[in-house]
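Taking it in order: structure first as structure tokens, then the write-up.
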Amino acid sequence: MIEDTHVMDAPPEGAGADWTVPQDWAHYTPQDHATWNTLFARQAKLLPGRASDAYLRGLDVLKLSKPGIPDFEELSERLMTLTGWQVVAVPGLVPDDVFFDHMANRRFVAGNFIRRPDQLDYLQEPDVFHDVFGHVPMLADPVFADYLEAYGRGGQRALGLDALKYLGRLYWYTVEFGLIAEPEGLRIYGSGIVSSYAESRFALDDPSPNRIAFDLARVMRTEYRIDDFQQNYFVIPSFDELLRVTVETDFAPLYEQLKAKPDVPVAEILPEDEVLTRGTQDYARAKA
């Protein structure tokens, strides 16, 4: 669930009613595959010792190191065996109700296009590298796979509660930009970090951002930025705990409580926060 600025109003020509399209693996050019290989090689070299154990296991068991853009049918066969998920192609960002329906039924929607070679370092709309390299390895982890299904079901309920803003923030600060505390130290698991060469380093190494212990209500109150590095990262203690909090929380009354409170601006620290690393905010000030 990424910022919906580019969501289309209706399925484009060739898409099904559920917005899916054939991946059409044969249409990828040698340049497309070379772009994937370039992106994969630099991230695969960078991520050991930075990415979570679950992410690295997923990368290995799904055989994503095979050269070229993965074939979604082959990838889905491996995923179905592991956690019952599959990857389906879509032409771009899809409406919230479509997104949640796919996720609640263990279908992960992935863009079937890849960025140009001159866009290696940043692309606002998620492409096949962000979606597959960034997200799919985590779907091989049974606990995280359960979390995403639960999130999809929660999204379907939130549609009628005027609460998508809050649920979107939960997705942003976990699925896209989450950190986890592992015995060896902080590790990244959010797709927006693991698929980004620059943010893979910034999230763990830079003194600028705050790193704050995960709290569900706090996360859902917190604004985020879509066009630059995050200045708050939230750290979960484990995927089991993330799943537990998600499935045991009654979100309807929580949404009502959140509506009565102000949003928390980017980079702000609250008195009740458990701050693991208080950032210098040097990066944010330099960009101001």
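Structure summary
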quantity: Backbone HN-Hα couplings from phi across segment 85-93 [Karplus 6.51/-1.76/1.60, Hz, Gly and Pro as x]; calculated: 8, 9, 10, 10, 7, 9, x, x, 5
quantity: Percent of C-alpha pairs per 5 Å bin, segment 143-201, short to long; calculated: 4, 17, 22, 22, 16, 10, 6, 2, 0
quantity: Aspartates and glutamates with Cα under 20 Å of LYS287, excluding same-chain neighbours fewer than 8 positions away; calculated: ASP121, GLU199, ASP205, ASP206, GLU223, ASP227, ASP228, GLU268
quantity: Gaussian network model of the chain, Cα within-10 Å springs - most flexible of THR246, THR29, THR38; calculated: THR29
quantity: For ALA267, distant residues with modelled amide H under 5 Å away; calculated: GLN231, ASN232
quantity: Mean separation of Cα contacts under 8 Å, 6 or more apart, over the residue count of the chain: relative contact order %; calculated: 18
quantity: Bridge type composition, the chain - antiparallel percent by DSSP, nearest 5; calculated: 35
quantity: Segment 51-182, Cα convex hull volume normalised per residue, Å³; calculated: 112
quantity: Solvent-accessible area per residue for the chain (1.4 angstrom probe, square angstrom); calculated: 44
quantity: Value of [θ]222 nm, deg cm²/dmol, for the chain, DSSP H segments ≥ 4, -39500 (n - 2.57) each, nearest 500; calculated: -12000 deg cm²/dmol
quantity: Packing rank of 250-262, 206-218, 127-139, where each peptide gets the mean count of other beta carbons within 10 Å, highest leading; calculated: 127-139, 206-218, 250-262
quantity: Rg over Rh [alpha-carbon atoms, Kirkwood Rh] for segment 120-176; calculated: 1.02
quantity: Order of exposure, largest accessible area first, which applies to VAL94, VAL247 with probe 1.4 Å; calculated: VAL247, VAL94
quantity: Hits among lysines - C-alpha to C-alpha of LYS165 under 18 Å, sequence gap 8 or more where chains match; calculated: LYS259, LYS261
quantity: Segment GLN31-VAL266, extension gain: residue separation times 0.36 nm, minus the distance between their alpha carbons; calculated: 80.8 nm
quantity: Å³ per residue enclosed by the Cα convex hull of segment 164-229; calculated: 92
quantity: The chain - charge dipole about Cα centre, Lys and Arg +1 at Cβ, Asp and Glu -1, debye rounded to 20; calculated: 560
quantity: The chain - percent of accessible surface contributed by carbon and sulfur, probe 1.4 Å; calculated: 51
quantity: Diffusion constant of segment 1-129 at 10 °C, which comes from Stokes-Einstein with the Kirkwood Cα-pair radius and 1.306 mPa s, µm²/s; calculated: 100
quantity: Residue-count net charge about ARG116 - beta-carbon cut-off 10 Å; Lys, Arg +1, Asp, Glu -1; calculated: -2
quantity: 5 angstrom amide H check on VAL90, placed H, neighbours 5+ away; calculated: VAL21, ALA110, GLY111, ASN112
quantity: Cα pair distances in segment 172-288, grouped into 5 Å bins until the bin that holds the longest one, percent each; calculated: 2, 11, 22, 24, 21, 12, 6, 2, 0
quantity: Residue-wise HN-Hα coupling along segment 113-118, computed from phi with Karplus coefficients 6.51, -1.76, 1.60 (Hz; x: Gly, Pro); calculated: 10, 10, 4, 6, x, 7
quantity: Area accessible to solvent at GLU272, 1.4 Å probe radius, in Å²; calculated: 130
quantity: For segment 264-273, 3J(HN,Hα) per residue [Karplus equation, 6.51 cos²θ - 1.76 cosθ + 1.60, θ = phi - 60°, Hz, x = Gly/Pro]; calculated: 9, x, 3, 6, 7, 10, 9, x, 8, 5
quantity: Computed over segment 15-90, Kirkwood Rh from alpha-carbon pairs, angstrom; calculated: 13.9
quantity: The chain pair-distance distribution - Cα-Cα, 10 Å bins, rounded %; calculated: 6, 29, 38, 22, 5, 0
quantity: Whole-number percent relative contact order across segment 164-288, with pairs defined as alpha carbons under 8 Å at least 6 apart; calculated: 31
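The values are calculated or read from the model by the stated rules, or taken from the named source; none is laboratory data. All figures in this text were calculated on a predicted structure; none of them were measured in a lab. Heads up, the Cβs are rebuilt from the backbone with ideal geometry, glycines too, and the neighbour counts pull from every protein chain shown. The area values use the complete protein model at the heavy-atom level, side chains included, leaving out ligands, DNA and RNA. Shrake-Rupley method; radii C 1.70, N 1.55, O 1.52, S 1.80 Å.
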